[in-house]
Amino acid sequence: MLTSKKLELRRSEIRQALAELAANDNPSEDETRKMGELDAEYRTAETRYRAALIAEDDERREAGADLETRSDREWSDLMGQFEMRQVALALDEGRTLEGQTGEVVNELRSRGGYRGVPIPWEALEIRAGETVASGTPNPLRTAPIIERLFAGSVASRMGGQMINVGVGELEYPVATSSVTAGWATSETGNVTGPSAYTTVDRPLKPDHNLGVQMRITRKTLKQSGAGLEQAVRRDMNGAIEEALDRAVFLGSGSAGEPTGLFAGATAWGIAEVDVSAAATWGAFRSEVVNFITGNAASGPGDVRLLIRPEIWDAMDADIWDAGSGITEWDRLIGALGSVTMSHNALADPTGSPEATSAVMTTTAGGVPPFFVGTWGAIDLIRDPYSDAQSGGLRLTALATMDVTISRAVQTRVLASIE
């Protein structure tokens, strides 16, 4: 108990005792002496009480600041205790979910309907002690609930931000008007007339469902033990990450896929440049200049580049300065902010000579170039019939996702890089 609280309680007791003594019209000497002692003690307690309040003021402020951030930390700590193994056993054997895992599942069920067992997105992240690709940024949080992309994701390295939406749709209004300023031509002349301020909406819609199926044999269930949790998490994480990266950049917008950056470039107004030349720093440099002149970047260090590994192979073998051994690849990585290679997020090279595409992005004004929306949690459903004869467990994880961009000038698509 705080010192001020103890003193406050003691002052209350003294007041009560004094009230009883004061009600006596003919107090004895002992009662008179007692009233004097209580009065002196009350004045001392009053002084100590004010001093305690001053001393405890800083502690209250620190405690208040801690309470403001405690909910986020408690939720993060709770996610760290979520066990995928309990979910698998609950679906296979009907075992009751216990501890933090049961608490999280009950919380998710109270917020939305799920046919199977809801799994929070944080449960799929690779935890401490596992192999994690280095250099993965932590996306900024600008929406009510924002989840980070999985470790090692190409979409994350290219500046994308994952947004978790509870229900409904989410729209980002982006200004498109060209407001101009002008000088008055004379002392009594008017300045330039007003221009309409217009915007375009970039919506995220829950129209695209991604499914991941896993078949766990009875031997695996009985033999793996606690190791099954990490195995299921890694498999599900890898499958979702691969499908997500491919959809962000190569999604066709048909057959259930969201519209990726390549397919949606024309409709979104993203610049598409036909390079039709060998991969050199000079070819990429001209596109960096367009970023800078479009006010999207202040220098080459603000630009991210996504390429196929074949581009690295060609540029690293192209010696720019024979005397120093500097290659075109050295010039490229020395100038740009980051260069990411992926064979999954970009289509295979085609044609003769073989040519491929690349993507450039930048983060302007703290706004990411594109958003990846997810709805609710992952819905994990068990199929009790398909593998019933063998005693196996078949799981289906369903996730709803979509992709949209912010400002078109923050992304450029480069085609026909030889």
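The values are calculated or read from the model by the stated rules, or taken from the named source; none is laboratory data. Keep in mind that what you see is a predicted model, and the values were worked out from it rather than measured. FYI the Cβ positions are ideal-geometry reconstructions off the backbone, even for glycines, and counts take in every protein chain you see.
Which residue out of Thr361, Thr327, Thr356 is at pLDDT 90 or above, over 30 Å from Arg202 (Cβ atoms) and assigned by TED's automatic domain parsing to the domain that holds Leu414?
Working: Thr361 fails: over 30 Å from Arg202 (Cβ atoms); Thr356 fails: over 30 Å from Arg202 (Cβ atoms).
From the options Thr361, Thr327, Thr356, the qualifying one is Thr327.
Any idea how many residues of the stretch 180-197 are under 37 Å from the mean Cα position of the chain (by Cα) and surrounded by 11 or more Cβ atoms within 10 Å (Cβ to Cβ)? Don't jump to the end; show me each part of the working.
Pass one, the stretch 180-197, residues under 37 Å from the mean Cα position of the chain (by Cα): 180, 195-197.
Adding the requirement that they be surrounded by 11 or more Cβ atoms within 10 Å (Cβ to Cβ) leaves 195.
The qualifying residues number 1.
Exactly one of these conditions fails for Leu305: (1) at pLDDT below 90; (2) under 22 Å from Thr356 (Cβ atoms). Give me its number.
With (1) at pLDDT below 90; (2) under 22 Å from Thr356 (Cβ atoms) applied to Leu305, the lone miss is (1).
What are the residue pairs meeting all of these: first residue in the stretch 168-191, first residue assigned to a loop (DSSP other than H, G, I, E, B), second residue modelled with pLDDT of 80 or more and among the small types (Gly, Ala, Ser), Cβ atoms under 7 Å, and 6 or more apart or on different chains?
These pairs meet every condition: Asn190/Ala184; Val191/Gly182; Val191/Ala184.
Surrounded by fewer than 21 Cβ atoms within 10 Å (Cβ to Cβ), over 33 Å from the mean Cα position of the chain (by Cα) and either in a strand (DSSP E or B) or among the hydrophobic types (A, V, I, L, M, F, W, C) (or both): which single residue out of Ala388, Ala347 fits that description?
Working: Ala347 fails: over 33 Å from the mean Cα position of the chain (by Cα).
Exactly one of Ala388, Ala347 is surrounded by fewer than 21 Cβ atoms within 10 Å (Cβ to Cβ), over 33 Å from the mean Cα position of the chain (by Cα) and either in a strand (DSSP E or B) or among the hydrophobic types (A, V, I, L, M, F, W, C) (or both), namely Ala388.
Kindly indicate whether Arg304 is out of contact with any helix residue (DSSP H, G or I) (no Cβ under 8 Å at 6 or more places or on another chain), basic (Lys, Arg) and buried (at least 17 other Cβ atoms within 10 Å of the Cβ). Step through it out loud before you land on a result.
On the way: out of contact with any helix residue (DSSP H, G or I) (no Cβ under 8 Å at 6 or more places or on another chain): no; basic (Lys, Arg): yes; buried (at least 17 other Cβ atoms within 10 Å of the Cβ): yes.
The answer is no for Arg304.
For the stretch 192-296, give me every one of the helices (runs of 4 or more DSSP H) that falls completely inside it and has 2 or more residues that are modelled with pLDDT of 85 or more. Reasoning before the result, please.
Details: elements: 218-224, 227-250, 265-268, 281-293.
Counting at least 2 such residues, we get 227-250, 265-268, 281-293.
Kindly indicate which of Trp329, Trp320 is assigned to a strand (DSSP E or B) and either under 34 Å from the mean Cα position of the chain (by Cα) or hydrophobic (A, V, I, L, M, F, W, C) (or both). Even if it seems obvious, please write down each step before you answer.
On the way: Trp329 fails: assigned to a strand (DSSP E or B).
Step by step, each of Trp329, Trp320 is checked, and only Trp320 is assigned to a strand (DSSP E or B) and either under 34 Å from the mean Cα position of the chain (by Cα) or hydrophobic (A, V, I, L, M, F, W, C) (or both).
Can you give me the number of residues within the stretch 155-179 that are more than 12 Å from the chain's Cα centre (by Cα) and of a type outside the set (Asp, Glu)? Write out each step before concluding.
Kept after step one, since they are more than 12 Å from the chain's Cα centre (by Cα), are these residues of the stretch 155-179: 157-158, 166-179.
Now restrict to residues that are of a type outside the set (Asp, Glu): 157-158, 166-168, 170, 172-179.
Going through the stretch 155-179 one residue at a time, the tally reaches 14.
Of these, Ala271, Ala296, Ala267, which one is over 14 Å from Ser357 (Cα atoms), assigned by TED's automatic domain parsing to the domain that holds Arg202, touching a residue at least 24 places away in the same chain (Cβ under 8 Å) and within 31 Å of the chain's Cα centre (by Cα)? Give the derivation first.
Values: Ala271 fails: over 14 Å from Ser357 (Cα atoms); Ala267 fails: touching a residue at least 24 places away in the same chain (Cβ under 8 Å).
Sole residue among the options that is over 14 Å from Ser357 (Cα atoms), assigned by TED's automatic domain parsing to the domain that holds Arg202, touching a residue at least 24 places away in the same chain (Cβ under 8 Å) and within 31 Å of the chain's Cα centre (by Cα): Ala296.
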